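In what follows, a structure is listed as structure tokens, so that the remarks can point back to it.
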Amino acid sequence: MPFTRPLTATAVAALMPTLALGQSATPGTTIELEPIVIDGTSGALATAEDRQRATPGGTDLLRGDSYRDSATVTLSDVLDGAPGVVVQDFFGGFDQPRVQIRGSGLQQNPVERGVLFLQDGLPLNQADGSYIVGLSNPRAAEFVEVYRGYTANRLGATVLGGALNFVSPTGSSAPGLSFGLTGGSFGYLEGEAIAGWQRDGYDAHLRFEALTRDGFRDENNDSERQAFNANLGIELTDQISARVFAGVTDLSFGVPGPITAAALDRDPASVHAGPVFTPGAPPSVANPGPNVPRDDPGREATQARIGARITGEFGASVADLAFGYARTEDSFRFPVSSGVRETDGDDFTFVARYAYRPDPDAALPLFEATASYITGTADRDYFLNDAGTRGARFGRNRLTADTLTVSAIANIPLSDRLVLSPGIAWSHATRDNDDRFGAATRPTLAFNPAMPDMALPPGVVPFEDTSYSRTYEGWSPSLALSYQVNDRNLVFGAISRSFEPPTHNDLLATINGTPNSSAGRPQPPNPAFPASAFATPDLEAQTATTVEIGWRGQVGAFDVDAVVYHAAIENELLSLRDITGASLGAVNAGETTHKGVELGVSAVFGDVAARLAYTYQDFRFDDDPVRGNNRLAGATPHVIDLALDWAATDRLNLGGRLYWRPVKTPVDNLNTLHADPFATLDLNMRYAVTETTTAFFEIRNATDERYAASTLIVDQARNDQAAFIPGDGRSFYIGLRSTF
């Protein structure tokens with residue numbers, strides 16, 4: 001039965017527990033040149049798995065072969081299987097889903113901080129910590145490493161959430177040729193071509209993909225993505241290896257925006273046409289929200305990256321040096337209240353890592369240290385959104401940022417089973433803004449609220465200098481204790497401190513716009529009303545003390561990975577918006593508390609593999625003078641992801657996935673408006689046509705559930721406002737993939 005083994009292996013890998021494993025960013029893990037394969041697992045992957053199993057904290061490893069043979073592979077498809085990682089889809093395709101771990105960066109729209117994204121150990125984030133989530137691509141990864149909380153310190157992340165590292169396949173781990181083609185509902189079409197090869201002393205891997213999608217929504221929901229990635233590994237000597245990485249990603253998508261609860265129930269594919277204005281004394285406004293047909297919001301981003309890693313192994317010592325450069329060009333057309341934001345920037349990265357491992361049988365090194373430095377400069381221009389076109393410039397800034405993080409971690413065996421892991425990290429960050437607008441006034445525009453396609457006379461507001469220079473510095477100590485109960489069970493506990501300085505998007509924000517007027521014009525009919533177009537809040541860095549306990553092991557046929565955590569946060573960074581979705585700028589909250597449970601369970605019963613990922617989140621204000629002890633907006637209390645895979649025959653696998661949010665989610669911090677619970681069901685089939693070709697078929701949202709995949713996050717909401725972002729309706733996909 002020649003097809004049983006690969007299909008069963010794929011099924012098991014697809015539903016393996018997302019165990020807490022080590023990191024390929026650890027020196028030497030991703031520089032493999034020899035094709036080391038263990039039960040279908042490459043040497044780099046096997047090493048990462050061993051290290052993460054021994055790590056005393058919340059970690060996961062998501063294998064690429066668990067999702068690669070799927071019709072569509074979005075970030076949520078991959079990360080929803082990792083407990084503790086919550087992804088809320090926005091508009092489908094590769095756009096800007098809200099990704100948060102332990103609530104870090106939860107309240108940004110779109111989310112742009114709170115998690116360190118890496119590719120092959122080099123940051124995708126810009127120097128100020130911000131990122132464009134759509135530039136990450138899980139389909140292009142051999143595996144994805146998840147580091148929750150302090151476990152990400154060794155990668156240069158000191159944020160509360162942690163880090164995600166997308167590890168590319170190499171010519172050693174994935175030799176040969178592969179081609180794939182997928183098509184389906186909502187105009188979805190994707191193609192990819194992959195090549196990998198190895199020769200004596202070097203290997204190479206190339207990948208190209210192109211994707212286009214019309215989208216579920218009636219308009220402004222199209223998306224496109226083209227990406228090219230390559231890496232070359234060279235064995236310089238018996239002890240020293242190098243790998244060079246290069247890639248270009250071009251991303252564009254429309255933003256169909258939120259709709260009201262009534263529209264979600266009536267027609268989830270619709271888009272919102274702005275508030276309904278009724279003149280009178282006083283006038284009344286219903287259904288506040290953006291005017292999508294007129295403003296035509298969307299985003300186009302291109303990032304080119306190049307980097308290199310050099311690893312030397314000298315007995316028990318391993319040293320790793322990495323260099324990276326990224327050029328990012330980002331044009332984000334917001335609704336009229338914020339305008340068009342264009343940012344072109346360059347970021348340079350240097351990472352040095354060292355590990356000392358005198359015991360070759362130990363999964364973790366006795367000592368490891370990391371130094372990460374990122375510096376970047378970006379030119380940012382703000383233009384008026386004049387009915388979907390770029391209007392007059394109203395802002396120009398030169399933004400610079402530097403972030404230096406140094407960390408050290410020891411893993412000290414106190415006995416054969418007990419390990420003490422003390423750690424310390426220090427971060428220093430600068431955020432500088434030079435306002436280069438150079439005019440005495442900033443222009444404004446507005447539309448008639450009663451006739452929103454009719455332009456009102458233009459206006460101006462006085463120029464206010466937005467320049468600032470901010471410095472942030474903090475220590476992040478940690479202490480963990482782990483006990484190996486037996487060969488299959490590990491228990492651990494840890495206490496840690498996190499440190500997160502604000503990004504430029506926190507420190508510089510457009511304000512005083514409305515759904516019918518630009519920033520600086522809070523009263524559309526009054527072009528002379530004086531108001532600020534920008535806010536530059538003097539923010540503190542967000543810090544937190546987190547206590548967590550966990551267990552990783554086996555009970556009978558079940559693999560279990562469980563972590564419980566409690567984080568006491570000071571100066572949590574909140575990005576506030578009004579009832580229309582217009583920015584109010586960022587603030588530091590007082591004290592807040594984030595606590596939760598991260599649970600992964602998996603098992604294999606004959607030909608059936610099952611996997612459960614459960615996340616519980618309870619994020620609250622602590623006696624806030626306005627918000628009391630309310631839940632923070634946007635935090636779904638319970639998230640359940642259940643997947644089954646059945647090897648029905650030697651060639652055929654059938655599977656299903658239930659994604660369930662069983663309770664309502666607050667839209668605003670005052671907890672006056674909520675998104676309803678929902679559950680979606682996906683069904684899939686994989687069929688091995690030949691030993692080299694696999695066909696697959698999928699039905700997404702098979703029950704055609706009408707639901708809000710995500711929402712705006714506002715401070716105080718109204719029941720009739722456009723705040724709900726619909727999930728896709730029922731869809732069908734079919735694809736074919738061949739490997740030679």
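The values are calculated or read from the model by the stated rules, or taken from the named source; none is laboratory data. The shown structure was predicted, so the numbers you read here are calculated from the model rather than taken from an experiment. Cβ atoms come from the backbone with ideal geometry, glycine included; neighbour counts cover every protein chain shown. Remember, those area values only see protein heavy atoms, side chains included, never the ligands or the DNA or RNA. Shrake-Rupley method; radii C 1.70, N 1.55, O 1.52, S 1.80 Å.
Residues in the range 309-457 average 42 Å² of solvent-accessible surface per residue, probe 1.4 Å, ligands and nucleic acids excluded. Surface composition of the range 219-370: carbon plus sulfur atoms hold 60% of the accessible area, using a 1.4 angstrom probe and ignoring ligands, DNA and RNA.
Within the set of other residues whose C-beta is less than 13 Å from the C-beta of Gly513, count the net charge using Lys and Arg as +1 and Asp and Glu as -1.
Details: positive: Arg341, Arg442, Arg521, Arg577; negative: Asp295, Asp578.
Around Gly513, the charge tally is +2.
Here the sum of -39500 (n - 2.57) over DSSP H runs of 4 or more residues, divided by the residues of the chain, equals -1500 deg cm²/dmol at 222 nm, to the nearest 500.
Of the residues Gly553, Thr615, Trp660, the one whose Cα sits farthest towards the positive end of the charge dipole of the range 542-676 is Trp660 (charges of +1 on Lys and Arg Cβ, -1 on Asp and Glu Cβ, taken about the Cα centre).
Here the range 501-561 has 62 percent of its accessible surface on carbon and sulfur atoms, given a 1.4 Å probe and all protein chains in place. Express the Stokes-Einstein translational diffusion coefficient of the range 555-600 in µm² s⁻¹, to the nearest whole number, given a Kirkwood radius over alpha-carbon pairs, 4 °C and a viscosity of 1.567 mPa s. Taking Rh from Cα pairs, D becomes 94 µm²/s. A simple packing score, the average count of other Cβ atoms within 10 Å per residue, orders the peptides 328-337, 687-696, 426-435 as 328-337, 426-435, 687-696, with the highest score first. Its Cα centre serving as origin, the range 318-372 has a Cβ charge dipole (Lys and Arg +1, Asp and Glu -1) of approximately 120 debye. For the range 223-366, the normalised intensity computed at q = 0.11, 0.12, 0.13 Å⁻¹ comes to -0.69, -0.74, -0.79 (log10 of I(q)/I(0), Debye sum over alpha carbons, equal scatterers, no solvent). Between the C-alpha center of the range 137-174 and that of the range 225-253 there is a gap of 15 Å.
For log10 I(q)/I(0) by the Debye sum over Cα atoms at q = 0.05, 0.09 Å⁻¹, the candidate list reads (1) -0.23, -0.78; (2) -0.28, -0.88; (3) -0.35, -1.02; the entry that matches the value derived from this model is (1).
Taken along the Cα-to-beta-carbon direction at a fixed 7 Å, the label points for Phe463 and His428 span 3.4 nm. Simple rule: put +1 on each Lys or Arg Cβ and -1 on each Asp or Glu Cβ in the chain, find the dipole, and look at Val78, Ala695, Thr441; the Cα lying farthest toward the positive end is Thr441.
Could you work out the relative contact order of the range 627-740? I mean the mean sequence separation of Cα pairs under 8 Å and 6+ apart, divided by the number of residues, in percent.
Values: 268 pairs, mean separation 26.9, N = 114.
Relative contact order, the range 627-740: 24 percent.
For Arg393, what charge total do you get from the other residues with a beta carbon under 13 Å from its beta carbon, if Lys and Arg give +1 and Asp and Glu give -1?
Overall, the nearby charge balance is +1.
Between the range 679-726 and the range 509-549, the C-alpha centres lie 32 angstrom from each other. Summed over the residues of the range 244-297 and divided among them, the accessible surface reaches 39 Å² per residue at a probe radius of 1.4 Å. Here the range 224-271 is treated with +1 on each Lys and Arg Cβ and -1 on each Asp and Glu Cβ, and its dipole about the Cα centre works out to around 80 debye.
Think of each Lys and Arg Cβ as +1 and each Asp and Glu Cβ as -1; about the Cα centre, that makes the dipole of the chain roughly 560 debye.
Histogrammed with a bin width of 10 Å, the alpha carbon distances of the range 120-170 distribute as 25, 56, 19, 0 percent, first bin at zero.
Ordering Ser185, Phe228, Pro283 by the projection of their Cα atoms onto the charge dipole of the range 181-305, which places +1 on the Cβ of Lys and Arg and -1 on the Cβ of Asp and Glu, puts Pro283 at the extreme positive end. Does anyone have the angle between helix 4-14 and the longest principal axis of the chain? Alpha-carbon axes, 0 to 90°, nearest 10? Helix 4-14 and the main axis of the chain meet at about 50 degrees.
Across the chain, Cα pairs under 8 Å and at least six residues apart give a relative contact order of 13 percent. Taking the longest Cα principal axis of the chain as reference, the axis of helix 43-54 is set at about 80 degrees. Taking K and R as +1 and D and E as -1, what net charge do the other residues with C-beta under 10 Å from the C-beta of Asn220 add up to? Taking every other residue near Asn220 into account, the sum is -4. The value of relative contact order for the range 414-537, using C-alpha pairs under 8 Å at least six residues apart, is 29 percent.
For the range 130-244, the equivalent ellipsoid derived from the Cα gyration tensor has semi-axes of 30, 24, 10 Å, listed largest first. Protection proxy ranking for 572-579, 713-720, using the average of other Cβ atoms within 10 Å per residue and placing the highest first: 572-579, 713-720.
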